[in-house]
Amino acid sequence: MLRRIFNNGRYANVTATLALLIALSGTTYAAVEVTGRDIRNGTIRGVDIANGTITSSKLRDRAIKGIDLASNTITSAKVRDASLLIRDFKVGQVPAGPTGPQGAPGINAATSLLVREALSPGLIAAGDAATVTVACAAGEKAVSGGATSPSTVFDVRSSRPVGAAGAGDIPTGWRVEAVNVAGAPNTLQVFAICAGP
């Protein structure tokens, strides 16, 4: 059919036919335009995308992860000053700061623990109360204490550390206040655990 048109037609007929073909081809291209639904996931690679096509405004916040970036993609020039926090760095990446000032000297630690004991001056009558204090040796500090008498004999009302100068001082002994609840006189035995230098 085309041969008949070109052989028998004039220049005007040929020009009109070519214009019709061009117009129809343009319509055909628009009808088969490819959209995102026509592309299978994972088939588009970086080389298939023109530079500058995907901009920041087209990305969802927090959508890009470290594994999505090639090595050395983000350089120092691309990071805003003072935008990174200490948690953004791996251990050892941030250098240590300068050495701080010397702190105040601490208290010498104890190198030994000793048990000191004391007895009531005499027998405590049934129903009577007594107070017994045991002292640590010079230079020692009381860290604990109590009474060794069973609860069926003495009802301990108070068991506490005591200082040489009273409340607030370094404890240098232990004091126990108790009542004899047995039916016979008994002796109250008190102990203190003392820490020595």
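Coordinate-derived values only; no laboratory data. Just so we're clear, the structure is a prediction, and the values are computed from it rather than from any experiment. Quick reminder, even Gly has a Cβ in these numbers, built from the backbone with ideal geometry, and neighbours come from all protein chains shown.
Values for this structure:
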read-out: Hypothetical label at Asp169: residues of the range 121-144 whose amide nitrogen lies under 20 Å (7 Å Cα-Cβ projection); value: 131-144
read-out: Per-selection Kirkwood Rh - the range 112-196 (Cα, Å, 1 d.p.); value: 12.9 Å
read-out: Separation in nanometres of the label points that stand 7 Å from Cα toward Cβ, at Ala96 and Ser159; value: 4.6 nm
read-out: Cα-based Rg of the range 66-106 normalised by 2.2 N^0.38 Å, two decimals; value: 1.85
read-out: Sequence of Ile74, Ile86 once ranked by neighbouring C-beta atoms within 10 Å, starting from the fewest; value: Ile86, Ile74
read-out: Cut-off under 5 Å, modelled amide H: who pairs with Val181 long-range; value: Gly127, Phe154, Asp155
read-out: Which of Glu177, Glu117 has the fewest Cβ neighbours within 10 Å, and the rest in rising order; value: Glu117, Glu177
read-out: Estimated vicinal HN-Hα couplings, Hz - the range 179-194 in sequence order (Karplus 6.51, -1.76, 1.60; Gly, Pro = x); value: 10, 6, 9, 7, x, 9, x, 8, 9, 9, 10, 10, 10, 9, 9, 10
read-out: Neighbour-count ranking [beta-carbon atoms within 10 angstrom, fewest first] of Ser159, Ser112; value: Ser112, Ser159
read-out: Nearest-0.05 FRET efficiency for Leu85 and Ile39, computed from C-beta distance (R0 35 Å); value: 0.35
